[in-house]
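Some notes on the structure that comes next.
The values are calculated or read from the model by the stated rules, or taken from the named source; none is laboratory data. Because the structure is a prediction, the values reported are computed rather than measured. Cβ sites come from the backbone with ideal geometry, for glycine too, and all protein chains shown count toward neighbours. Ligands, DNA and RNA are stripped out before the accessible areas are found, and what is left, the full protein with its side chains, is counted by its heavy atoms. Shrake-Rupley method; radii C 1.70, N 1.55, O 1.52, S 1.80 Å.
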Amino acid sequence: MARYRAGLETRGRIITATRDLLAEHGLEGTTIQAICQRSAIRPGSFYNLFKSKEEAILTVVREAIEAVDPDPEGEGTDTITELVEAYIIFVTEQPTLARIYLQIAVTGGVTDPHLHGRIVRHGDWRRKRFADALLRSRADLSPAGAIREAERILATLNGLALFRALDAGFDFTGHARELVKPAGGSPPPP
């Protein structure tokens, strides 16, 4: 039991160090050496818990996304508007993590099979959440139609997030909210 607790404590120190280094120095300044120094561990301890720096970073990103999740238990109570608002909150309140996630998804997701699998699984999970929310709110959609609509919304959100990463003045929130605006109506309130 003590060994398990020590592993959890080490993991927590690594996550905290990674989060702090990302905020202070970005992706390039967050190295395994810096993470190990900041968390007062040896590289072997790091590799016992994470396969790579990117895996530790994706864990930090996942925790930030979970922190704004409207239905963290996954009980199917969230709406499409709530899911889009959670995406908005993540991108606007955690811009460094959002940018880093995009960087890792594009670079590591293409070149590293382990990261590719992790990013694809996360994308599949998000697509299912969005499709389920769409099915609950729109009787005109079939399951296949909900998946297509979820893919369209997520692809648009990802593209908008990329524009936001490149230009902090880009109206990410306004464009994102238009995705769930009722025909002829105003976007839902935040």
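Just to check, using Stokes-Einstein with a Kirkwood Rh over alpha carbon pairs, what's the diffusion coefficient of the range 92-187 at 37 °C and 0.692 mPa s in µm²/s? In µm²/s, the coefficient rounds to 223.
Ratio of Rg to Rh for the range 1-112: 1.02 [Cα atoms; Kirkwood radius as inverse mean 1/r over pairs].
Computed from the C-beta positions of His116 and Leu8 and an R0 of 30 Å, the FRET efficiency is 0.60 to the nearest 0.05. Solvent-accessible surface (1.4 Å probe) assigned to Ser45 amounts to roughly 50 Å². Size check on the range 135-177: the Cα extents along the three principal axes, sorted descending, read 37, 15, 10 Å. Taking a straight Cα-Cα cut-off under 15 Å and skipping sequence neighbours fewer than 8 places away in the same chain, the aspartates and glutamates within cross-link reach of Lys128 are Asp69, Asp71, Glu73, Glu75, Asp78, Glu82, Glu149, Glu151.
A Stokes-Einstein calculation at 37 °C with viscosity 0.692 mPa s, built on the Kirkwood radius of the range 16-80 over Cα pairs, returns a diffusion coefficient of 251 µm²/s.
What the Kirkwood sum gives for the chain is a hydrodynamic radius of 18.0 Å, with every pair of different alpha carbons counted.
Rounded to the nearest 0.05, what FRET efficiency is calculated for Glu75 and Ala40 with R0 set to 45 Å and r the Cβ-Cβ distance? Taking R0 as 45 Å, the efficiency between Glu75 and Ala40 is 0.70.
Per residue, the chain exposes 56 Å² of solvent-accessible protein surface, assessed with a 1.4 angstrom probe and all protein chains in place. So how tilted is helix 80-93 from the main axis of the chain? Cα-based, degrees 0 to 90, rounded to 10. On a 0 to 90 degree scale, this one is about 40. In whole percents, the pair-distance distribution calculated for the range 49-123 from its alpha-carbon pairs, binned every 10 Å from zero, is 19, 47, 30, 4.
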